[in-house]
Amino acid sequence: MLWSVNNKTETSAGTVAWGSAGEGPPLVLAHGWPWSSFSWHRMILPLSRAYTCYWYDMPGFGRSAKDPEQATGLDVQGRVFKEMVEFWELDRPSVFAHDFGGAVTLRANLLHDVAYTDLLLMNVVAVSPWGSEFFDHVSRHIDAFTPLPPHIHSAIVAAYIRSALVSELDEHELHELASPWLTPEGQASFYKQFAQADDRFTDEFADKLKAIDCPVTVIWGEKDPWIPVSRGHQLAGAIGVQLQALEGVGHMPQLEAPRPLLDMILSLPEALPELEGN
């Protein structure tokens, strides 16, 4: 497995853990909530045969800093995405974004002038309103959830992760997705993310979607239990492209169906031939 986050750098939102692999033009992989860059681990090896891949755990997530005093909402994450692209000295990278990584990368592009060669948006948070019933409930009762006993919190995290999936993941993957949230600082950060959610962070770029100045692909696991495919079609229509649906796949195509996802990427007009056969 090529995935690791052994490198560290400082950002305006604290220390960020990151990794890179491969050769070729730059590709940045943006994770979502409540995930980390580990969510891309199955895709890194084949993608690294055509790209130099970069990934990082966003502030408040994964192995990056979880400072209780630092805001880590989508507005902050958009600025940090720009900081990381500048730190890596990337000129117009390709970007693959999942879940709220969609809002993060769209904010970086449309509000902070980060230019991309192309943008892939997959099962993303990008159109208001967003958030499940559970998400809404927790956001209104943060003080009741934050002090939960660790074993109750662990059960909530595991159930929440599984609720995104149509296909089962192996126990190692489930552990890697959950473990950053199971430390005391991870538990506090987990519920803090609910409190910072706000539709205005996507509303602020909603009228700019047709102004994206690079090719955009919208891919959706059509059985997504969290963000229905109808929302994906709404987003694709607002951008002016056709949605590409992955049949029988849930919210996590890169883990649930990495081979069909790679095949779909290969079918795109701008796909790099070096990926063929991997």
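For (1) under 24 Å from F38 (Cβ atoms); (2) surrounded by fewer than 17 Cβ atoms within 10 Å (Cβ to Cβ); (3) out of contact with any His (no Cβ under 8 Å at 6 or more places or on another chain), each residue gets a yes or a no:
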position	(1), (2), (3)
A178	yes, no, yes
T183	yes, yes, yes
S189	yes, no, yes
K192	yes, no, yes
D198	no, yes, yes
T202	no, no, yes
D207	no, yes, yes
G221	yes, no, no
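Elements of the type strands (runs of 3 or more DSSP E) sitting completely within segment 1-102 and holding at least 1 residues that are open to solvent by 20 Å² or more (accessible area, probe 1.4 Å) and in contact with a strand residue (DSSP E or B) (Cβ under 9 Å, 6 or more places away or on another chain): these cover 7-11, 14-22, 26-30, 52-56. Reported count of residues in segment 132-162, each being open to solvent by 50 Å² or more (accessible area, probe 1.4 Å) and not β-branched (V, I, T), is 15. Whether a residue is farther than 20 Å from P129 by Cα, touching a residue at least 40 places away in the same chain (Cβ under 8 Å) and of a type in the set (F, W, Y) was assessed, and F201 does not pass this test.
The values are calculated or read from the model by the stated rules, or taken from the named source; none is laboratory data. Being a predicted model, the structure only gives us computed values, none of them experimental. Note: ideal-geometry Cβ built from the backbone for every residue, glycine included; neighbour counts use all protein chains shown. Surface accessibility is based on the protein's heavy atoms, side chains included, excluding ligands, DNA and RNA. Shrake-Rupley method; radii C 1.70, N 1.55, O 1.52, S 1.80 Å.
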